[in-house]
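Here's the structure we're looking at; comments come further down.
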């Protein structure tokens, strides 16, 4: 596995997670394929296809409260030159208006595919840790 490719994928994945935490639809949209599919708790076991389901949450807006996202124990598995799996536990530290901290954790697997020379996020599965 190419160390530069691994780092590129980890950097893109971190950018994706930050766009989610910040409510940055423009960046999220740039990194995701239009046909993105997902299994996630919000969908109650249903396969979600496309970006419309996710845009609803972005349209709610970011909370503006302090947060920090960590990819714990990330692992990259190349599935050939143009596809990769990035797996990790996502830890999100938040503080509410009273500065009371909280932590949430989820196990995530994200599939990235190189399309026309750039990596695009095409599928993910998220479940509570």
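Peptides 100-107, 67-74, 117-124 ordered by packing proxy, namely the average of other Cβ atoms within 10 Å per residue, highest first: 117-124, 67-74, 100-107. For residue 116 and residue 27, the FRET efficiency from 1/(1 + (r/R0)^6), where r spans their Cβ atoms and R0 equals 22 Å, is about 0.75. Each pair of Cα atoms in region 3-128 enters the Kirkwood radius, and Stokes-Einstein at 25 °C and 0.890 mPa s then converts it into a translational diffusion coefficient of 162 µm²/s. Once the Cα atoms are used to define both axes, helix 3-22 deviates from the longest principal axis of the chain by about 30 degrees. The residues 76, 85, when put in order of fewest to most other Cβ atoms within 10 Å, stand as 85, 76.
Read-outs throughout are calculated quantities, based only on the coordinates presented, and are distinct from any laboratory measurement. The structure presented is a predicted model; accordingly, all values stated were derived computationally and were not measured. Neighbour counts are summed over all protein chains in view; Cβ atoms, including those assigned to glycine, are modelled from backbone coordinates with ideal geometry.
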